[in-house]
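Trainee: Input: one structure, supplied below.
What follows draws every value from the coordinates through simple rules; no lab data is involved. Everything numeric here is computed off the predicted structure, so don't read it as measured data. Note: ideal-geometry Cβ built from the backbone for every residue, glycine included; neighbour counts use all protein chains shown.
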């Protein structure tokens, strides 16, 4: 069964800290992995997309890495800001459907 | 560049009723996928439409059905609503259903079943 897990479930940090969110998947036969941000009651905003042949992607203060062999991806957020507070979800593509993790709820305190 | 748009944003139904949700994909996209997100959980794949046909389906009963129109917009229909159908329904669009393609989501339709 294809499953995606995310650790931690929730995280609270002071402003300015660097932080790492973790995503694990059981089936390594993936096409790509995508990280999303979701604000309460809202839709999902795409942050980064990593193809299966890539090791990492960067966008601004965000960096995502992918290790297919170990079934892991990490999202690194540098110099966190209160505006980064949201739920972060990773999703793994196995073809026509994406399998989502339950998300990490991030709070950045001013 | 218009993103993915969904309607309605919120709706309330009673058990046994039927509901139709609508989605217009991002400009240039031809593939629409529907997801159900219960409170506090990640989205669950319902089905994907490409070239007006259901291409793949997740583990959802036949009460959930859909349609894609020639302009690539899509509808999700749910019959015989149950309390457990209360959720945020998300539409995502992509290009040609490529497994390597990036997904773009709308803001969702919040369904409450009483």
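Trainee: Counting only the backbone N, which residues of the stretch B:4-33 are under 16 Å from the spot 7 Å out from the Cα of residue B:95 toward its beta-carbon?
Mentor: Within reach of a label on residue B:95, which here means backbone N under 16 Å from a point 7 Å along Cα→Cβ, the stretch B:4-33 contributes B:4, B:25-32.
Trainee: Now for a separate question. Pop a pseudo-label 7 angstrom from the Cα along the beta-carbon direction at both residue A:81 and residue B:83 and give the gap in nm to one decimal.
Mentor: In this crude spin-label approximation the distance works out to 4.4 nm.
Trainee: Which value results for Rg/Rh of the stretch A:28-74 when Rg is the Cα radius of gyration and Rh the Kirkwood radius based on the inverse mean 1/r?
Mentor: For the stretch A:28-74, the value is 1.01.
Trainee: Just B:43, B:25, B:61 to compare: in a GNM of chain B, with alpha carbon springs under 10 Å, which one fluctuates most?
Mentor: So, out of B:43, B:25, B:61, the one fluctuating most is B:61.
Trainee: Mind checking which of A:82, A:14, A:40 has the largest fluctuation in a GNM of chain A, springs on alpha carbons under 10 Å?
Mentor: A:40
Trainee: In percent, what relative contact order does the stretch A:1-56 have, based on Cα pairs under 8 Å that are 6 or more apart in sequence?
Mentor: Once divided by the residue count of the stretch A:1-56, the mean separation gives 29 percent.
Trainee: Going by Cα centres, the stretch B:1-25 and the stretch B:41-114 are how many Å apart?
Mentor: Cα centres, the stretch B:1-25 to the stretch B:41-114: 10 Å.
Trainee: Turning to a different aspect of this structure: I'd like the distance between the alpha-carbon centres of the stretch A:64-97 and the stretch A:15-44, rounded to an integer number of Å.
Mentor: Taking the Cα centre of the stretch A:15-44 as reference, the centre of the stretch A:64-97 is 3 Å away.
Trainee: On to the next question. Let me see the P(r) profile for chain A: every Cα-Cα distance counted, bins of 10 Å, each bin given as a percent of all pairs.
Mentor: 15, 50, 29, 5, 0
Trainee: Moving to a separate point now. What is the Cα radius of gyration of chain B over 2.2 N^0.38 Å, N being its residue count?
Mentor: For chain B, the normalised Cα radius of gyration is 0.99.
Trainee: Further question: With the crude spin-label approximation of a point 7 Å out along Cα→Cβ, what separation in nm comes out for residue A:20 versus residue A:63?
Mentor: Here the modelled spin labels are 1.1 nm apart.
Trainee: In a solvent-free Debye calculation with one equal scatterer on each Cα, what is log10 I(q)/I(0) for the protein assembly as shown at q = 0.07, 0.13, 0.16 Å⁻¹, listed in the order of the q values?
Mentor: Once normalised to I(0) and log-transformed, intensities are -0.22, -0.75, -1.10.
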